[in-house]
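Here is the structure we will look at.
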Amino acid sequence: MKYKTKPRYTTSKSELKYKTWRKNVFELNKGKHGLNKHYTCMKCKLKRKTTRILHAHHIKSWDKFPQDRYDRDNGVVMCKKCHYKFHKKYQFEALEKPELLNEYLKDK
């Protein structure tokens, strides 16, 4: 199953906006949940000093909610494993229903 059918950015300006959004999501996560030392997966609470195995996930879909694409509050940090599990569980239903992410994060 492939989710990304087109690149997130087509111009250098949109690439910069996306990378800035991603950086802001990680910094917000680090400040709120990592106590300024670590980045933290919001599902399994895995802590890391780097973002190498962590993803910035859009709460509201990139395609369905273009007005929220670059809002740092529209992002959550998850490790690769939890991120893939989320998409496997909800598949394309998550694109229409952002509230499914809260359900997933609360589910133990």
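Derivation of every value follows stated rules applied to the coordinates shown; laboratory data play no part. Because the structure is predicted, anything quoted here is derived from the model rather than measured. So basically every Cβ, Gly included, is an ideal-geometry build from the backbone, and we count neighbours across all protein chains shown.
Some points to look at:
- Each label was represented as a point 7 Å from its Cα along the Cα-to-Cβ direction; for L105 and K81 these points are 2.0 nm apart.
- Ordered from longest to shortest, the equivalent ellipsoid semi-axes for segment 12-106 are 20, 18, 11 Å, each the square root of 5 times a Cα gyration tensor eigenvalue.
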